[in-house]
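Bear in mind that the values in this text are calculations on the coordinates, not laboratory data. What you are looking at is a predicted structure, and each value in this text was computed from that prediction instead of being measured. Here the Cβ is made from the backbone with ideal geometry for all residues, glycine too, and neighbour counts use every protein chain on show.
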Amino acid sequence: MEGTVLEHRDFFSRGSFALVILNNTLPKEAPILWELARVRVCADGGANRVYREMPSPAERLCLLDQITFFRFVPDHIVGDLDSIEPSIREIYASKGSEILDMSSDQDSTDLHKCVSFLRDSSRGDEVERIVVLGALGGRFDHELGNLNVLFAFPGLRICLASDENLVFLLRHGVLHEIRARVGAHCGLVPLGERSQSSTTTGLRWNLDSTAMAIGSLISTCNVVENEVVKVQSDVDLLWTMER
């Protein structure tokens with residue numbers, strides 16, 4: 001059995017991750033993560049969020065557009081391109097952003113398109129993981145679509161991050177060791193299929209070869225008791241953790 005350490009802070013190590021921005025309210029630390037990321041991708045209307053929400057109050061008051069553009073120019077803008085404002089698209093194109101129109105594909109979300117782009121392009125070879133901002137909160141159908149992307153790309157390390165939560169997928173058949181904040185609320189959910197056997201240590205209410213399924217028992221409202229939580233399951237599990 002292979003052991004995998006998923007230290008949640010290592011998702012944000014400088015230069016090790018691609019940052020994907022969705023068209024939703026961004027967490028307060030978005031500018032910091034932008035600076036730490038190696039590759040920066042906006043999903044369609046996420047470019048509007050970067051343009052309007054990323055500059056600091058001082059930059060907005062002083063209208064230092066050149067500074068703002070220098071700091072917050074996406075490397076790539078990917079998606080249907082039906083949400084990005086034309087003026088913002090023009091500005092970023094003039095500043096060197098690559099704009100990829102994938103409107104011919106109407107069967108996948110903009111996040112799915114962004115992850116596919118990173119997986120299939122040379123940019124994906126530059127990073128170890130993908131951090132997604134704007135994936136949690138807002139419309140619930142959007143949240144479900146974003147969670148579905150985790151299961152659609154199980155071989156990639158993708159983290160959905162908000163001010164309140166981190167969410168990522170734990171692959172089946174692997175002993176996962178997660179370094180977590182003691183006292184944080186957390187959950188383990190088998191969204192994809194029924195688990196016949198899931199086992200944990202380090203939680204207030206541990207699982208011991210426990211069966212779980214949607215519509216039956218799932219592990220929510222749990223609490224981290226040890227700095228290292230260990231999880232092993234026969235199916236892929238969604239791990240959610242309070243920050």
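Here is how the numbers come out for the structure above:
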| read-out | value |
| --- | --- |
| Inter-part distance where the stretch 106-161 and the stretch 170-243 are each reduced to a Cα centre, Å | 21 |
| Value at 222 nm in deg cm²/dmol, rounded to 500, when DSSP H runs of n ≥ 4 in the chain each add -39,500 (n - 2.57) | -7000 deg cm²/dmol |
| The stretch 171-243 - Rg and Dmax from Cα coordinates, angstrom | 11.0, 30 |
| Extension gain (nm, one decimal) between Arg179 and Leu144, 0.36 nm per residue minus Cα-Cα | 10.0 nm |
| Order of Ile214, Ile77 under a 10 Å beta carbon neighbour criterion, fewest first | Ile214, Ile77 |
| Summed side-chain charge close to Ile21 - residues other than Ile21 whose Cβ falls under 13 Å, Lys, Arg +1, Asp, Glu -1 | -2 |
| Within the stretch 56-211: Cβ-based charge dipole about Cα centre, in debye rounded to nearest 20 (Lys, Arg +1; Asp, Glu -1) | 700 |
| Net charge of Cβ neighbours under 10 Å - reference Asp80; Lys, Arg +1; Asp, Glu -1 | -4 |
| Sum of side-chain charges, His185 neighbourhood, beta-carbon under 15 Å (Lys, Arg +1; Asp, Glu -1) | -1 |
| Rounded FRET efficiency, nearest 0.05, which uses the C-beta distance separating Asn226 from Ser122 and R0 of 51 Å | 0.80 |
| Residues Arg129, Arg14 arranged by fewest to most Cβ contacts within 10 Å | Arg14, Arg129 |
| Calculated over the chain: convex hull of Cα atoms, volume per residue (Å³) | 127 |
| Residues Lys28, Lys230, Lys113 arranged by fewest to most Cβ contacts within 10 Å | Lys28, Lys230, Lys113 |
